[in-house]
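Here's the structure, in C-alpha cells; my notes come after.
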Amino acid sequence: MELDRAAAVLRPRRPWEGVDLGFTLARQWFPTLWLLWWLGTLPPALLALALVGGKADWWLVLVWWFKPLYEAPLLYWSSRALFGEPVALRNAGVIFRSAWTRRLLPSLLWRRLSVGRSFNLPIVLLEGLHGAAVRSRRRVLSEGDGTAAWLTLICYHFEAILWGGLLLGLYFLIPAGLPNIDLAAAVTDGQSWPYWLSSALYLLAASVIAPFYVCGGFALYIGRRTELEAWDLELAFRQAGTTGSAPRAGTPGQRERRLGPGRPLTMALVGTLLIGLATTWPGGGLQAATPAPPWPDAAEARAIMAEVLADETFGRTRELTFWAPITGPDEMPTETPSWLRWLGELALLLGPLFKWLLVICAVAAVALLARRILRDWRPAARRRRQPSTVIRAAAPAADPHPTPVDLATAVRAHLAAGDARGALALLYRGSIAHLSRCAVTIPEGATEGEVLRLAAHHLEASELAPLRLLTHDWEALAYARRTPDLDRIDAHLAAWLRWTDTAAPRPDGADHGA
C-alpha cells in the first residue's frame, strides 16, 4: 500500500465527511463498480432461481441475503484503485478469487444483519483477521461511532425509494387501454409475473446503490486508520524529507486532488444557451403579453353558463345495474354472542391504554434517537470524555519532577555536552510538571496539542507563550528531526525560569506525564 499514490488526500476527517468522500469516489468509479456488481450477482441469482423452483418471493430473499457476496469484489477493487493499482475488468477472475474467501462466511451467516457491515467488511477482507483479533480490531476502529449504522439505514431507504419509483414509473407510463401492472400483486403475490418484475426492479435499484454503500463504508475505514496511524503525518514527513521543507500536514489550506471532471461552468453555459434559445425562438419564449379580453357582465355570463349546461355532455343519464342483498321480514339479524360482546367491551377498555403506551414508546424512541444523533455530531466532546489510548506524540516519559534550579543545572549540563535533544526534553518535561503543579490535569496519552489546549483553560496568554514556543521546537525535533540552535534552547531555559517564577502554582495538582 503506497500512500503517496492515493487518489484522495489522506487526512483526518469527520465521519460524515468520510462518507461524502466515499460517495465522490463511487461517482467517479461507478461504471466499473456497477459492471463488477452485476458480474458477481448474476451467477448466484441464477443458482438461487434453480434452487427455489420458480418462487419469486424466496428467490428475492436469497438474493438479498447474499448481498455481502456481491459487495466484496467492489471493496477489493476500490481498495486497489484508491492507491493507484486498479484491476482491469478483464482480470475479473483475480478479483473474485481474492474477494470470495472463507473470511466472508461470518458476514453471510450470523453477522449478515449487522448494521455496520460496510465498515466491518474492510477489516475482515483487507486485513485478513479472524476470531478474537478481528473483534478487538473492530472495537478499536469503531470507538462507539454509529455512522456506519446510519449509512446502512440511509442506503436501504435509497434502495426502497428507487425501487418504488421505478415500479410506479412503469405503472404510469403504460398507456390506457393496454394491460397494466397490478401493484398489489407486484408487492404481495409471489406467484405472479408482476412480482417477478418488481423483484427485477429491486435488483436494479440495489445495483445502483451498492457502489455508494461500499465506498462510503470503505472511506469511513480509511479515515479511521488515517486518524489512528497518522498517515497524514507520514506523508508530510516524506514530503519534507524529499523537498527539505517543513511538514505542514493537516493545515486548513491543504490542496485536495480533484476526483472527477469539474463541469459546473460548462453546465452553466449550456443552461444559459438553452434559456436564450427559449426566449428568442419564434412562437415561444417570453413575448409581449397580449391584453386579456374583458370580463362579461352578469347577464352575459349566465347566458354562457346556461348554454354550456344545455349541452348533452352535462345532461346525459346512464342506467347502472348492480346486485344488492334483499332482506325479508323473516331474515332478522341474529343476536351477537355474549362472549363477543364481552371481547368488544374489553377492547374498548384496553384501547386507550395501548394507545398511550404506544405514544410513550414513540416519545422515548425519538428521545433516544435525538440523543444518539447529538452524540454522533459531537465526536470531539466524546473523545475528551473518553481519552484515546493511541499516543501520537513523542513526548518524553514522566519522571519525578526536579526543582527549577536542579532542572536548569541539568539543562545547562546537556547544553555544555552538545546534547540539544536531552536539554529540550528536560525543559518540556519540566513544563509538564509545572502545569501539573498548577492544577492542569493532563490525561495519560495526551498529545502536545492537547496539552496546549488544556493549559489554555488555566493560564493567561502571557504565561502560555513560552510553552507554545517550547512545544513548537520540541515537535520539530521529535517528528521532523530539525534540531534548534543551542542558543535558542538557552533562551527557552531563561523564559522557562521566568515562567515558573511568575505563574502561581495551585495546590493539590496531580502530576501526569504527557
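A few points about this structure:
- Contact map, the range 148-159: first residue touching a residue at least 60 places away in the same chain (Cβ under 8 Å), second residue of a type in the set (Val, Ile, Thr) and in a helix (DSSP H, G or I), Cβ cut-off under 7 Å, separation 6 or more or different chains; pairs are LEU151/VAL19; CYS155/ILE209.
- The residue that is surrounded by the most Cβ atoms within 10 Å (Cβ to Cβ), counting only those in the range 145-183 that are in contact with a helix residue (DSSP H, G or I) (Cβ under 9 Å, 6 or more places away or on another chain) and more than 30 Å from LEU21 (Cβ to Cβ), is LEU167.
- Cross-chain or 6+ apart pairs with Cβ under 7 Å, the range 165-188 first and closer than 24 Å to ALA206 by Cβ and among the acidic types (Asp, Glu), then surrounded by 13 or more Cβ atoms within 10 Å (Cβ to Cβ) and at pLDDT below 80: none
- The range 446-477, residues that are within 23 Å of ARG421 (Cα to Cα) and small (Gly, Ala, Ser): ALA446, GLY449, ALA465, ALA476
- Unmet requirement for TRP64, which otherwise passes all of (1) farther than 19 Å from LEU220 by Cα; (2) part of a helix (DSSP H, G or I); (3) modelled with pLDDT under 90: (3)
- Of ALA185, ALA176, ALA205, all but one fail to be within 25 Å of LEU35 (Cα to Cα) and of a type in the set (Gly, Ala, Ser); the exception is ALA205.
- Qualifying residue in the range 418-432 (condition: modelled with pLDDT of 80 or more, closer than 30 Å to ALA149 by Cβ and either among the basic types (Lys, Arg) or in a helix (DSSP H, G or I) (or both)): no
- Looking only at the range 433-472, and only at residues there that are among the acidic types (Asp, Glu), in a helix (DSSP H, G or I) and touching a Ser or Thr at 6+ places or on another chain (Cβ under 9 Å), the one that is surrounded by the most Cβ atoms within 10 Å (Cβ to Cβ): GLU448
- The C-beta contact set for the range 357-379 (first residue outside the structural domain of ALA148 (by TED's automatic domain parsing), second residue outside any helix (DSSP H, G or I) and at pLDDT below 80, distance under 8 angstrom, 6+ apart or interchain) comprises ASP376/ASP145; PRO379/ASP145.
- Taking every residue in the range 440-458 that is within 17 Å of GLU475 (Cβ to Cβ) and pairing it with any residue that is among the acidic types (Asp, Glu), at least 6 positions away or on another chain, the pairs with Cβ-Cβ distances below 7 Å are GLU448/GLU475.
- Filter result for GLU71 (in contact with a helix residue (DSSP H, G or I) (Cβ under 9 Å, 6 or more places away or on another chain), assigned by TED's automatic domain parsing to the domain that holds ALA132 and surrounded by fewer than 17 Cβ atoms within 10 Å (Cβ to Cβ)): no
- Residue match in the range 86-97 (condition: under 26 Å from ALA149 (Cα atoms), touching a residue at least 12 places away in the same chain (Cβ under 8 Å) and assigned by TED's automatic domain parsing to the domain that holds TYR213): no
- Test result for SER98, of a type in the set (S, T, N, Q), assigned to a helix (DSSP H, G or I) and surrounded by 13 or more Cβ atoms within 10 Å (Cβ to Cβ): yes
- Residues within the range 184-193 that are within 17 Å of LEU162 (Cα to Cα) and surrounded by 15 or more Cβ atoms within 10 Å (Cβ to Cβ), tallied: 1
- In the range 43-61, the residues that are touching a helix residue (DSSP H, G or I) at 6+ places or on another chain (Cβ under 8 Å), of a type outside the set (Asp, Glu) and modelled with pLDDT of 85 or more: PRO44, ALA45, ALA48, LEU49, LEU51, ALA56, TRP58, TRP59, LEU60
- Test: residue in the range 144-156 that is modelled with pLDDT under 80, farther than 17 Å from PHE212 by Cβ and assigned by TED's automatic domain parsing to the domain that holds TRP77: yes
The values are calculated or read from the model by the stated rules, or taken from the named source; none is laboratory data. Computed from a prediction, not measured in an experiment: that's the story for all the values here. Reconstructed Cβ throughout: ideal geometry from the backbone, glycine too, with neighbour counts over all protein chains shown.
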